[in-house]
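S.K.: Structure incoming, see below.
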Amino acid sequence: MDAAYRKELQSILKVRKVTLPQVFIKGKYIGGADVIKSMFEMGELAKNLDDFPRRQPGFVCNSCGDVRFVPCGNCNESRKLFEDDEVFVKRCFECNENGLIRCPYCCD
Ligand SMILES: [Zn+2]
Ligand SMILES: [Zn+2]
């Protein structure tokens, strides 16, 4: 998991060890897989997702292949940026610790 997301989840859930999945709907914490499964069985899940745009079944993002992350073009995944004279190396702030950014096509 992306380190920034993990930290955010840890602070929201107030736990040290975060297990996935953790589902949020419209910014409201819903729960993990068990909760989602029982909501689905009771028909509650569909109600909560009513105002969301529906994707075509089988739709796969052309940009990231549904991984939701793509290689950072800013630093070519190196996570480093070189100044013009290539003496100073700066950390790239566009991407996460794996040199990836969120997919601009399917993620906000
Ligand atoms: Zn994508
Ligand atoms: Zn980068």
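S.K.: Stokes-Einstein diffusion coefficient for region 56-108 at 10 °C in a medium of 1.306 mPa s, Rh from the Kirkwood formula over Cα pairs: what value in µm²/s?
M.R.: 131
S.K.: Right, something else. Could you state the principal axis extents of the C-alpha atoms in the chain, from the largest down, to the nearest angstrom?
M.R.: The principal-axis extents, from largest down, are 62, 36, 18 Å.
S.K.: Rounded, prolate or oblate: which one fits region 3-48, using the alpha carbon gyration tensor with axes a ≥ b ≥ c (rounded when a/c is under 1.5, else prolate when a/b beats b/c, else oblate)?
M.R.: Taking the square roots of the gyration eigenvalues as a ≥ b ≥ c, region 3-48 is prolate.
S.K.: Report, by chain and number, residues whose modeled amide H sits under 5 Å from the one on residue 23, excluding near sequence neighbours (fewer than 5 apart, same chain).
M.R.: Those lying under 5 Å, H to H, from residue 23 are 30, 31, 32.
S.K.: Gain in length, residue 15 to residue 90, computed as 0.36 nm per residue apart minus the alpha-carbon separation, to one decimal in nm?
M.R.: Extending this stretch completely gives an extra 23.7 nm.
S.K.: Suppose each label sits 7 Å from its Cα in the direction of the beta carbon; what would the residue 26-residue 47 distance come out to in nanometres?
M.R.: 1.3
S.K.: Now, a different point. Tally up the carbon and sulfur contribution to the accessible surface of the chain as a whole percent, 1.4 Å probe, everything protein left in place.
M.R.: 54
S.K.: Could you go through region 45-59 in sequence order and give the Karplus-derived ³J(HN,Hα) for each residue, using 6.51 cos²θ - 1.76 cosθ + 1.60 with θ = phi - 60°, rounded to whole Hz, and x for Gly and Pro?
M.R.: Going residue by residue, I get 5, 4, 4, 5, 9, 3, 8, 8, x, 9, 8, 4, x, x, 5 Hz, with x marking Gly and Pro.
S.K.: Continuing with the same structure: Report the FRET efficiency, 1/(1 + (r/R0)^6), for residue 97 and residue 37, where r is their Cβ-Cβ distance and R0 is 41 Å, rounded to 0.05.
M.R.: That gives a FRET efficiency of 0.85.
S.K.: Rolling a 1.4 Å sphere over the protein heavy atoms, what is the accessible area per residue of the chain, to the nearest Å²?
M.R.: Averaged over the residues of the chain, the accessible area is 79 Å².
S.K.: Here's another thing I want to ask about it. So how much slack lies between residue 8 and residue 105, counting 0.36 nm per residue of separation and subtracting their Cα-Cα distance, in nm?
M.R.: Additional length available on full extension: 32.6 nm.
S.K.: Let me ask something else. Which pairs, out of 14/90; 26/90; 14/37, put more than 29 Å between their alpha-carbon atoms?
M.R.: Going by Cα-Cα distance, 14/90; 26/90 fall outside the 29 Å limit.
The values are calculated or read from the model by the stated rules, or taken from the named source; none is laboratory data. Quick caveat: nothing in here was measured; it's all calculated off a predicted structure. FYI the Cβ positions are ideal-geometry reconstructions off the backbone, even for glycines, and counts take in every protein chain you see. Just so you know, the surface numbers come from the protein's heavy atoms only, side chains and all, with ligands and any DNA or RNA stripped out. Shrake-Rupley method; radii C 1.70, N 1.55, O 1.52, S 1.80 Å.
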